[in-house]
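The values are calculated or read from the model by the stated rules, or taken from the named source; none is laboratory data. Worth saying up front: this structure is predicted, and the values here are computed from it rather than measured. Quick reminder, even Gly has a Cβ in these numbers, built from the backbone with ideal geometry, and neighbours come from all protein chains shown.
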Amino acid sequence: MVAAPPTEDRPELALEGKRIVLGVTGGIAAYKSIEVCRRLIDAGAHVTPILTKAALNMVGATTFAALASEPPKTSLFRDQDPIPHTTLGQAADLIVVCPATARVISDYRVGRSADLLSATLIATEAPVIVCPAMHTEMWNHPAVQDNIAVLARRGTIVVGPESGRLAGGDRGEGRLASPESIVEAVLRSLGNQDLAGLKVVVTAGGTREAIDPVRFIGNRSSGKQGHALATEAWRRGANVTLITTVDRSIPSGIDRIEVTSAAEMQAEVQLHAEGADIIVMAAAVADFRPVSVATKKIKKADGTPQIELEPTEDILAGLGKSKRAGQILVGFAAETNDLIENARSKLLRKGADFLVGNDVSAPGVGFAHDTNAVTILGDDGSTMEVTLRGKDEIARAVFDVVGQKLQSLTQSETG
Ligand code: CTP
């Protein structure tokens, strides 16, 4: 399976050109590795599966033959290549072992080449991700914990396990991490690490301003763009704090803080802004809130209520005033008309480095859509248009621009 070359309409996929060996061992969770395989292929990777003998008791080689980039390898000896482990190990950009049983973890720790997978693991210099899955008793066993600790110290990336339902109806820690978090770990491990070690704060979603215990003033923001921004920053190696009003999945490594109102969001932003290198205000923050919130539900019988409103604090403008040297501030502007002029004036008014403007009246753009089209305005007068595409790709374009600015700031500091 070969991905079509990127064009302007088809931007480069996140894992395009990356060779990944997907090691599957004989845990019950092996069926979930099929989903991981499909997601890696969808992201553009070249995936070579290695199935252990025990894995073949759990999942079929034919399934992987149909989904992966090449038929699965199952033996050190029944291959046309006399040395498949070194060929695979040397060519790999990354090896993911999913699920990783106690046996493969132990073999890898001691460097024992018991089969094609364990031999490939010690014949590679590529990063390795292991995703343990086993019963809680096994996972908690000091031998397994010791093996995992040694692997982690050597630089192996350990994803999961999670707590939840296990084979045989038991519950506890030991369940394979979700396919989503495994693929996120792959993306982080193979991605551009230009934000490594930086602290990034992202806000997302629309705030809700209470009228009474059951009603609020809100807006149509879905939080999709903000969550995509937080995910992209995390993939690039940043330590990310996401302050959000919506319950939407994100990589487990992101520090997620849930808020509801503009005041709560402001308090959390203030708390986290000081040490932040980059702050992205993607949230649709309410501009007004009721002056007072009724403690009991307002009843129809009491007549039409007159709700007096007061302005909320402008969080971005506040950040612009207290911005420290080297910190990058990114704002968003959802507009329905005169996009460039409105966004440019917001950029100046709020003291941001970049303002990402979108025309929410255009088809497929803005609130609730999976796609967006934006114009990124810089405080140096620059304008960059990003045509309609997935919100994850918009996030990539935003951090490309931010990354370039950071690089030029670092160069001018050292130059
Ligand atoms: N913003 C903020 N605090 C507010 C309102 C907005 O931090 N109380 C931020 C948003 O997160 C966004 C930027 O300011 O990054 C622009 O938001 P927008 O609603 O487009 O601008 P407003 O200043 O509210 O102007 P208007 O609604 O009149 O267009």
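Quick check, is PRO305 under 20 Å from ILE217 (Cβ atoms), modelled with pLDDT of 95 or more and either exposed (fewer than 15 other Cβ atoms within 10 Å of the Cβ) or in the same structural domain as GLU258 (by TED's automatic domain parsing) (or both)?
Values: under 20 Å from ILE217 (Cβ atoms): yes; modelled with pLDDT of 95 or more: no; either exposed (fewer than 15 other Cβ atoms within 10 Å of the Cβ) or in the same structural domain as GLU258 (by TED's automatic domain parsing) (or both): yes.
Criteria not met by PRO305.
Only one of THR371, THR375 is of a type outside the set (Phe, Trp, Tyr), touching a Gly at 6+ places or on another chain (Cβ under 7 Å), more than 12 Å from the ligand (Cβ to nearest atom) and at pLDDT 95 or above. Can you tell me which?
THR375
Inside segment 244-292, can you point out the residues that are assigned to a loop (DSSP other than H, G, I, E, B), over 21 Å from the mean Cα position of the chain (by Cα) and exposed (fewer than 15 other Cβ atoms within 10 Å of the Cβ)?
Once the filter is applied, which keeps residues that are assigned to a loop (DSSP other than H, G, I, E, B), over 21 Å from the mean Cα position of the chain (by Cα) and exposed (fewer than 15 other Cβ atoms within 10 Å of the Cβ), segment 244-292 yields GLU274, GLY275, ASP287, VAL291, SER292.
I need the full set of residues from segment 210-243 which are part of a loop (DSSP other than H, G, I, E, B) and either in contact with a Pro (Cβ under 6 Å, 6 or more places away or on another chain) or not charged (D, E, K, R) (or both), in order please.
Hits for segment 210-243 are PRO213, VAL214, GLY218, ASN219, SER221, SER222, GLY223, GLY237, ALA238.
Could you list all residues from segment 323-338 that are modelled with pLDDT under 95 and away from the ligand (no atom under 11 Å from the Cβ)?
In the first step, residues of segment 323-338 are kept if they are modelled with pLDDT under 95; the result is 323-326, 333-338.
Passing the criteria: LYS323, ARG324, ALA325, GLY326.
Considering only segment 351-411, give the strands (runs of 3 or more DSSP E) lying wholly within it that have at least 1 residues that are charged (D, E, K, R).
354-359, 383-390
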